[in-house]
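A short write-up of the structure that comes next.
The values are calculated or read from the model by the stated rules, or taken from the named source; none is laboratory data. Please read all numbers here as calculations on a predicted model, not as lab measurements. Here the Cβ positions follow ideal geometry from the backbone for every residue, glycine too, while neighbour counts run over all protein chains shown.
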Amino acid sequence: MAWRCWQDIEDLGTAPTRSLSAEDARAMAGKLVKWYHAHKRDLPWRHQDRWPQAPYAVWVSEIMLQQTRVATVIDYFSRWMAKWPTVELLAAATEEEVNEMWSGLGYYRRARMLHKGAKTVVDTYKGQLPSTVEELKAIPGIGAYTAGAICSIAFGNREPLVDGNVVRVLSRLFALGDNPKAQIFTSTPYSDFMIYN
């Protein structure tokens with residue numbers, strides 16, 4: 001099968017309307033990675049060498065990015081990490097301090113769960129985020145997607161991540177005209193969609 005180089009991720013709407021072989025999936029993955037490297041934004045949480053605890057920085061960014069635009073999160077993330085660069089410092093903060101720092105991001109439950117999760121990490125894992133999805137999901141406020149993101153981004157583990165953007169790509173790739181929240185995405189294990197090189 002001949003693949004063309006897409007100029008924009010939105011062009012994936014013209015992708016083949018059939019299931020992919022492992023070879024085709026690897027080719028598609030290569031194209032997506034190439035597109036990402038050509039178009040990725042320079043975001044503070046992507047510079048793991050800046051943070052004393054890179055997995056914690058990834059966790060904070062993933063929680064802040066839920067239901068919030070990237071442009072909004074950049075300033076909040078930078079201020080948050082300046083105040084609490086480690087999970088221990090966040091765990092020691094008061095709920096009032098956490099809510100004050102979060103003010104304007106909305107969905108305050110995210111902040112409360114991040115704070116509660118930090119306390120769990122300090123008490124249960126001696127201040128170090130675990131590197132497996134199952135252990136991460138045991139921390140308050142960390143679900144399957146966030147656990148996979150932390151494992152993949154911070155630890156380099158091969159864990160599938162399926163968020164709204166991935167669902168849109170998969171919907172176009174497999175010509176699924178259904179609602180992106182349809183049962184195929186909510187009941188199918190993420191790993192069924194993933195092919196690793």
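A few remarks follow.
- Among the candidates 117, 127, 104, 148, residue that is touching a residue at least 24 places away in the same chain (Cβ under 8 Å), in contact with a Leu (Cβ under 6 Å, 6 or more places away or on another chain) and of a type outside the set (A, V, I, L, M): 148
- Test: residue in segment 153-176 that is within 14 Å of residue 60 (Cα to Cα), among the aromatic types (Phe, Trp, Tyr) and at pLDDT below 95: no
- Residue in segment 37-45 that is of a type in the set (Lys, Arg) and either surrounded by 14 or more Cβ atoms within 10 Å (Cβ to Cβ) or in contact with a strand residue (DSSP E or B) (Cβ under 7 Å, 6 or more places away or on another chain) (or both) present: no
- Pairs with Cβ under 7 Å, 6+ apart, first in segment 66-87 and within 24 Å of residue 145 (Cβ to Cβ), second acidic (Asp, Glu) and assigned to a helix (DSSP H, G or I): none
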